[in-house]
Amino acid sequence: GWSLLPYLLAAWLVLYLMSQEFFVAEWLRAHPITYMLSHMFILPLIDFYLLAAAWQGHGAPPIAFGWFLVATYTNGIVFEVGRKVRAAADEEVGVETYSALWGVALASGVWLLAIGIAGSAGILAGWTGGQSTRVGIAITLVLVVGWLGAAWVAWRMSKQPTTSHSRWIERFSALWVLSFYLSMGLLPHWG
């Protein structure tokens, strides 16, 4: 419906601004954290549009939507940082990584923190979404087990930064995001 057009236009506007590097490309490249954080806004905007379309005509959206959007933003950070944590031997000239910027231990810790924030927001979304207690418990279990797995991967990388361990961070980032969205999308239909 036409009422969704402003949400779609907002996502398109941010996408356009991203493609133009917000008209401050050199400044953004000199500030990689701001670069990353500014580019993550497209994810919750897309999800907001989808949630608005799904919720259209049902009154005010539940508070769970807000928590879900926080998780969406943070999951983007999980994926972005996770693909740029590398062992020293795998660093490439001209390729900016968070392990080169912060060191392997801090980059692994930031990655784990992002997973913790996304997981916490997902748990809050699961409990405030108006679903059964069983669904809230199931989502909590999936995300806590996922975080524990991520903690193990991050610990191994920070203690022994090898190519194999950095690949596990990248793989686990994808596994985390997939598990998150599958649990949020499928488990509510279970209860």
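The values are calculated or read from the model by the stated rules, or taken from the named source; none is laboratory data. Because the structure is a prediction, the values reported are computed rather than measured. No Cβ is skipped: glycine too gets one built from the backbone with ideal geometry, and neighbour counts run over all protein chains shown. Quick note on the areas: whole protein, heavy atoms, side chains included, nothing else; ligands and nucleic acids left out. Shrake-Rupley method; radii C 1.70, N 1.55, O 1.52, S 1.80 Å.
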Farthest toward positive dipole pole in the chain [+1 Lys/Arg, -1 Asp/Glu at C-beta], among Leu15, Val142, Phe65: Val142
I'd like the accessible area for Met184, computed on protein heavy atoms only with a 1.4 Å probe and all protein chains in place. Round to 10 Å², please. 30 Å²
For the range 55-191, give the magnitude of the charge dipole about the Cα centre (Cβ charges: +1 Lys/Arg, -1 Asp/Glu; no others), in debye to the nearest 20. 320 debye
Calculate, for Met36 and Asp90, the FRET efficiency according to 1/(1 + (r/R0)^6) with r their C-beta to C-beta distance and R0 25 Å; round to the nearest 0.05. 0.80
Restricting things to alpha carbons, find the Rg to Rh ratio for the range 93-191 using the Kirkwood radius for Rh. 1.07
Pull up all non-local amide H partners of Ala87: gap of 5 or more, or a different chain, and H-to-H distance under 5 Å with H placed in the peptide plane. Ser166
May I ask you to give the percent of accessible area on the chain that is carbon plus sulfur, with a probe radius of 1.4 Å? 70 percent
To the nearest 500 deg cm²/dmol, what mean residue ellipticity at 222 nm is calculated for the chain from DSSP H runs of n ≥ 4 alone, each contributing -39,500 (n - 2.57), summed and divided by the residues? -25000 deg cm²/dmol
Starting from the residue with the highest accessible area, list Trp168, Trp2 in decreasing order, probe 1.4 Å. Trp2, Trp168
In the range 1-109, the GluC sites (Glu not before Pro) that sit in a DSSP loop and have at most 16 other Cβ atoms within 10 Å of their own Cβ are Glu91, Glu92, Glu96
Which value, in Å³ per residue, describes the convex hull spanned by the Cα atoms of the chain? 109 Å³
Need one value: the accessible area of Ser179 in square angstrom, 1.4 angstrom probe, rounded to the nearest 10. 40 Å²
